[in-house]
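Novice: Provided herewith is a single structure, encoded as structure tokens, for subsequent inquiry.
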Amino acid sequence: MFRALLLAIACVHAFPAKPAEFVYAAEFSYYLHPKPTWERELVWLKNLGVRTIAFSIPWKWHSSLDGRIDLEGRTSPRGDLIGFLRLLRRLELQAWIRLPADGEDQRRRFAGVESTLAPYLEKHGGPIVFIEPELPPPAPVVSLSALDPDASIRSRAAIATRRGSLLWRNVEDGLVPLSSEFLKGAVSFNGVERAGGTTALRRDASLLRRWGPLLGEMGVERRLRNLPKGVDAVELISPSASALAISNQGEVPFRGVLKTSKRALRGIEIGPGQTRWLPLDVSLSGSGLCDDCSNFAPPDRILYATAELHGIEYENGILAMEFYAPVPGEVFLRLSRKPVGPFLAAGRPREFGWDDRSMTARLPIPAGSGQLHKVRVGFAIEAPESSGFFVNPRRLIAGETNRVQAMFSSEALALRSRLLTPRNFTSKAIATSPTETDYEVAVPAEAAHGDWVELALEADGLRLGRTRLQLFRPVSMRLRDAVGLHFGSDSKVLADPPLAEAGRELHVIVRNNYPAIRNYVVEVESDGLNFLTSKAEFAVGETAERDVMFRLADARSKSGVFEARIRLSGASGSELPLRLVAIRRTESLAYSHDLDGDGSPEWILENSKVRAVFSPRSGGRWLEFLWKDSEWNALPATGALAGSGAVSVRALNENGAARLEMEGDGWRRTVRLNGEEGRLEIEQSTPLFTEELRRRKEDTLVFEVTRISLQRAVFLLDRLKSDSKEGDKLQ
């Protein structure tokens, strides 16, 4: 069965029409991430330019209680492989399944679910393209960590080989199932990119959007000689588009001239640890870097640039180029006609040079801004006989009919034109004047929130104008004070279903994603808690948020965990189930909730000041000790006090005092939390090793560890009170 499955996929690749395209991939192991974050992170990767998602299939994680394979997440939400493949197909991403070379059991299990996975093969329009090792991606496969400080140099060396696959690892934070082991990545659980961690990934993805399909045709290379120590430059040559790949692994900046096979490139500047991909002799009409440059003649070309070229566009007579430019540079073009101007660089008018004898334009490139130092330059090549463009294009709303305005240079052109939309989108033209047309664009309801799509105007087989618009769901709803599980100080997983502390107020944030004002109604219900007002009607401005407050009537009268629901209606509707935690000021509470979305609940001790979270896996690993006001987690990202194996846990709440009793293989542990202070006491039947926990300070907070005995310790998290004579004192 497994051979038949591989044969079915192999038939797609049996007779390739052209050399295998360079594969640019990122690892996203679905089972390491809470299911609610899958779409957000995959859309982010797609928007960067990543089209291939690599992952393994941990069959142990998919085994149900009766020993059968569960691929739909009935055992754990994070184990929904079928849901993950459906999401990849919806986003038009391709899957690279990585089975270990010596994993006979893995391959046997893969073959055992052949009929289940068959609809997700590439031949059936599914995302599965590569299955390693039997049907691997193009070789060689270069695997890089996004946390590698030399990632930029190494990734460009792989791209310069023009073949194979480049796989990025450690892109996202991860949490190993069954152990709660934290894996740090370049992007935190809450979607924040750590400093410098994604720069190389982003820049390479931007470069390969256009250059990737051309790499297989660049069959000749020439290495430049007599360069300073640490500087390497390779000329990659093809008839339509050549490039110079440069890297500086030395300790000093390189500034000077590089002599290629056709010309000398002056004004090159590249610092230590930096790379460049400079265009050489790029045809504007036939290189493939520009889809809409059919108006250009074969001699029209980019001679060279001293900045890294990422893309070319031509519409309505204007040629635009996008560069990666950490320092100012220049681009030289040879054209068959003199440009009419003007020239714009980074949105500002600039002077440019023109030589009538050589028909050469010399354009300055200002230094770019942002993480990628991107800058856009463009100038008018000719005054177009006809033109069409979008008027103030805005976002698109999924599941709705959106209106997009366009304007044309003549009534005849407006009648001949049409709107090009992505697959599954539909549009209807409505003439609002002889030269103006509104298009009603229907966006599928399943369109991914945050994704980008391109719309284009076409007439007589030529594209007149284009725009990229982002897709949004109609409305978003969240809790302002939602409880999450913190890993260190910069990564947080929000619980699903949501969990919130029921203080005196409950805040619901409603974000209206429509480009217009909308009216909404929010209702909240709870089994056990009463609200002074449980319904609110309000209006929200275009692309704005509204904080809706519900005041509780009995928040401090009793402690416990209560089921609740929030219903949103009006311009759009949804329902949000959640749990509310109520804690009296002088009491503590013990309870359980699935904070990390793996289908197995964590155990929680908290009072009005602090929250402590323990995992029933890895010997009762202590995951979090949080000061709730500032959300500072005093524990390291990897947690503390981890043992081996699973433990049984019992939560006890008696007379306002709470404790957790854990029992593992040959040991017992009792955890108590003081009702008013951040004082946590742990007592264990075996030695309690606390060497990984030390005194820590953060602004006005301090974390203290006091060993009472070999088997008992007290952990205190509290505010500091400054005293000029006695130093820092606990408040």
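The values are calculated or read from the model by the stated rules, or taken from the named source; none is laboratory data. Treat the numbers as computed from the prediction; the structure is a model and nothing was measured. Cβ sites come from the backbone with ideal geometry, for glycine too, and all protein chains shown count toward neighbours. Side chains included, ligands, DNA and RNA excluded: accessible areas come from the protein's heavy atoms. Shrake-Rupley method; radii C 1.70, N 1.55, O 1.52, S 1.80 Å.
Novice: Once you treat every alpha carbon in the range 561-676 as an equal point and sum by Debye, what is log10 I(q)/I(0) at q = 0.16, 0.18, 0.21 Å⁻¹?
Specialist: -0.80, -0.96, -1.21
Novice: How many percent of all Cα-Cα pairs in the range 609-731 sit more than 24 Å apart? Kindly include the intermediate steps, with their values, before the conclusion.
Specialist: Values: 2039 of 7503 pairs.
Result for the distance tail: 27 percent.
Novice: Here is the link list: 46/492; 492/558; 60/184; 184/628; 428/535; 229/338. Which ones come out longer than 31 Å on Cα distance? Please report the intermediate quantities before stating the final value.
Specialist: Details: 46/492 23 Å; 492/558 29 Å; 60/184 23 Å; 184/628 23 Å; 428/535 39 Å; 229/338 42 Å.
Violating the 31 Å limit, Cα to Cα: 428/535; 229/338.
Novice: Please give me the summed charge of the neighbours of residue 434: other residues whose Cβ is under 14 Å from its Cβ, Lys and Arg +1, Asp and Glu -1. Mind dumping the intermediate values first?
Specialist: Values: positive: 416; negative: 411, 436, 438.
Result for the local shell: -2.
Novice: Right, something else. So how much slack lies between residue 111 and residue 367, counting 0.36 nm per residue of separation and subtracting their Cα-Cα distance, in nm? Intermediate values should be presented prior to the final figure.
Specialist: Values: separation 256, 0.36 × 256 = 92.16 nm, distance 5.35 nm.
Working it through step by step, the gained length comes to 86.8 nm.
Novice: Would you mind calculating the gained length between residue 537 and residue 403 on full extension (0.36 nm times residue separation, minus the Cα-Cα distance), in nm to one decimal?
Specialist: Numbers: separation 134, 0.36 × 134 = 48.24 nm, distance 2.71 nm.
Fully extending the segment from residue 537 to residue 403 adds 45.5 nm.
Novice: May I pose another question? Using a probe radius of 1.4 Å on heavy atoms only, what accessible surface per residue do you get for the range 340-469? Whole Å² is fine.
Specialist: That works out to 54 Å² per residue.
Novice: Okay, next question. How high is the FRET efficiency from residue 383 to residue 430, r the C-beta distance, R0 25 Å, rounded to 0.05?
Specialist: Values: r = 29 Å, r/R0 = 1.17.
Taking R0 as 25 Å, the efficiency between residue 383 and residue 430 is 0.30.
Novice: With a point put 7 Å past each Cα toward its Cβ, work out how far residue 412 is from residue 132 in nm, to one decimal.
Specialist: 5.8
Novice: Classify the range 276-358 from the C-alpha gyration tensor, please: rounded if a/c falls under 1.5, else prolate or oblate depending on whether a/b exceeds b/c. Display every interim value, and only then the final one.
Specialist: On the way: a/c = 1.33, a/b = 1.12, b/c = 1.19.
Cα axes put the range 276-358 in the rounded bin.
Novice: Given points 7 Å out from each Cα along the Cα-Cβ axis, report the residue 259 to residue 316 separation in nanometres with one decimal.
Specialist: The two pseudo-label positions are separated by 4.6 nm.
Novice: Principal axis extents for the range 395-460, Cα atoms only, whole Å, descending order, please.
Specialist: Per principal axis, max minus min of the Cα coordinates gives 36, 21, 15 Å.
Novice: Still on this model: Taking every pair of alpha-carbon atoms in the chain, what share in percent sits in each 20 Å bin, from 0 to the bin with the longest distance?
Specialist: Pair shares across the bins are 14, 40, 34, 11, 0.
Novice: Zone of residue 438 (label point 7 Å along Cα→Cβ, backbone N under 12 Å): which residues in the range 398-412?
Specialist: 402-406
Novice: Taking every eigenvalue of the Cα gyration tensor of the range 237-305, multiplying by 5 and rooting it, what semi-axes result, largest first, whole Å?
Specialist: Details: eigenvalues 156, 29, 16 Å².
Over the Cα atoms of the range 237-305, the ellipsoid semi-axes are 28, 12, 9 Å.
Novice: Probe radius 1.4 Å, ligands and nucleic acids left out: which of 721, 259 has the largest accessible area, and how do the rest follow? Intermediate results must be reported in sequence, preceding the final value.
Specialist: Working: 721 125, 259 150 Å².
My answer, sorted largest first, is 259, 721.
Novice: Any chance you could list P(r) for the range 168-220, counting all Cα-Cα pairs in 10 angstrom bins from zero, rounded to whole %?
Specialist: It works out to 21, 35, 23, 16, 5, 0, in whole percents.
Novice: Normalised by the residues of the chain, what does the relative contact order come to in percent, with Cα pairs under 8 Å and at least six apart?
Specialist: Working: 1763 pairs, mean separation 51.0, N = 731.
After rounding, I find 7 percent.
Novice: Accessible area of the chain with a 1.4 Å probe: how many percent of it is carbon plus sulfur?
Specialist: Numbers: 15660 of 32840 Å².
Result for the chain: 48 percent of the exposed heavy-atom area is carbon or sulfur.
Novice: Which distance in nm do the two modelled labels at residue 47 and residue 478 give, with both placed 7 Å along the Cα-to-Cβ direction?
Specialist: Calculated label separation equals 1.3 nm.
Novice: How high is the relative contact order of the range 535-671, in percent, counting Cα pairs under 8 Å that sit 6 or more residues apart? Don't skip to the end; give the middle numbers.
Specialist: On the way: 256 pairs, mean separation 20.3, N = 137.
Relative contact order of the range 535-671: 15 percent.
Novice: Something else: With unit charges on the beta carbon (Lys/Arg positive, Asp/Glu negative), name the residue among 419, 401, 389 whose Cα is farthest towards the positive pole of the charge dipole of the range 369-436.
Specialist: Toward the positive end, the furthest listed residue is 401.
Novice: With charges set only on the Cβ (+1 for Lys and Arg, -1 for Asp and Glu), what does the dipole of the chain come to about its Cα centre, in debye to the nearest 20?
Specialist: Working: 97 positive and 94 negative charges, 271 e Å.
Computed charge dipole of the chain: roughly 1300 debye.
Novice: In the range 71-130, which GluC sites (Glu not before Pro) fall in coil by DSSP and have 16 or fewer other Cβ atoms within 10 Å? All intermediate terms of the calculation are to be shown ahead of the outcome.
Specialist: Details: sites: 72, 92, 104, 114, 122; in loops: 72, 92.
Filter output for the range 71-130: 72, 92.
Novice: Given a Förster distance of 35 Å, report the FRET efficiency between residue 395 and residue 525 from their Cβ-Cβ distance, rounded to the nearest 0.05. Mind showing how you got there, number by number?
Specialist: On the way: r = 32 Å, r/R0 = 0.93.
For R0 = 35 Å, the calculated efficiency reads 0.60.
Novice: Of 453, 521, 137, which is farthest along the charge dipole of the chain in the positive direction, counting Lys and Arg as +1 and Asp and Glu as -1 at C-beta?
Specialist: Going by the charge dipole, the pick is 137.
Novice: Sticking with this one: Per 0.36 nm of contour for each residue apart, how much would the distance between residue 489 and residue 711 grow if the chain were fully extended, relative to their Cα-Cα spacing? Can you show the working numbers first?
Specialist: Working: separation 222, 0.36 × 222 = 79.92 nm, distance 2.83 nm.
Separation in residues times 0.36 nm, less the Cα-Cα distance, equals 77.1 nm.
Novice: Additional query: Restricting the count to DSSP beta bridges whose residues both fall in the chain, what percent are antiparallel, rounded to a multiple of 5? Present the calculation step by step, with values, prior to reporting the outcome.
Specialist: Details: 189 of 216 bridges.
In the chain, approximately 90 percent of DSSP beta bridges are antiparallel ones.
Novice: Still on this model: For the range 97-191, take the convex hull of the Cα atoms, compute a quarter of its surface area, and give me that in nm², please.
Specialist: Details: hull surface 34.4 nm².
Seen from a random direction, the Cα hull of the range 97-191 projects 8.6 nm² on average.
Novice: Check each of the trypsin sites (Lys or Arg not before Pro) in the range 327-369 and keep only those in coil by DSSP with at most 12 other C-beta atoms within 10 angstrom; list them in order. Mind dumping the intermediate values first?
Specialist: Details: sites: 334, 337, 350, 357, 362; in loops: 337, 357.
When the trypsin sites (Lys or Arg not before Pro) of the range 327-369 are filtered for loop state and at most 12 Cβ neighbours within 10 Å, 337, 357 remain.
Novice: Follow-up. In vacuo Debye scattering of the range 421-559, one point per C-alpha: log10 I(q)/I(0) at q = 0.13, 0.15, 0.22 Å⁻¹?
Specialist: -0.79, -0.93, -1.38
Novice: Here is a follow-up. In debye, nearest 20: dipole of the range 420-481 around its Cα centre with unit charges on the Cβ of K, R (+) and D, E (-)?
Specialist: Here the range 420-481 has a charge dipole of around 260 debye.
Novice: Next question. Under a point-charge model restricted to the Cβ atoms of Lys and Arg (+1) and Asp and Glu (-1), what is the dipole moment magnitude of the range 313-472 relative to its Cα centre, in debye to the nearest 20? Intermediate values should be presented prior to the final figure.
Specialist: Working: 19 positive and 19 negative charges, 66 e Å.
The calculation lands at about 320 debye.
Novice: Kindly report the accessible area of the range 178-299 per residue (heavy atoms of protein chains, probe 1.4 Å, no ligands, DNA or RNA), in Å². It would help to have the intermediate numbers written out before the result.
Specialist: Numbers: 5360 Å² over 122 residues.
Normalised by residue count, the accessible surface of the range 178-299 is 44 Å².
Novice: Picking from 191, 507, 79, whose Cα lies most toward the positive end of the charge dipole for the chain (charges on Cβ: Lys, Arg +1; Asp, Glu -1)?
Specialist: Among 191, 507, 79, the one farthest towards the positive end of the dipole of the chain is 191.
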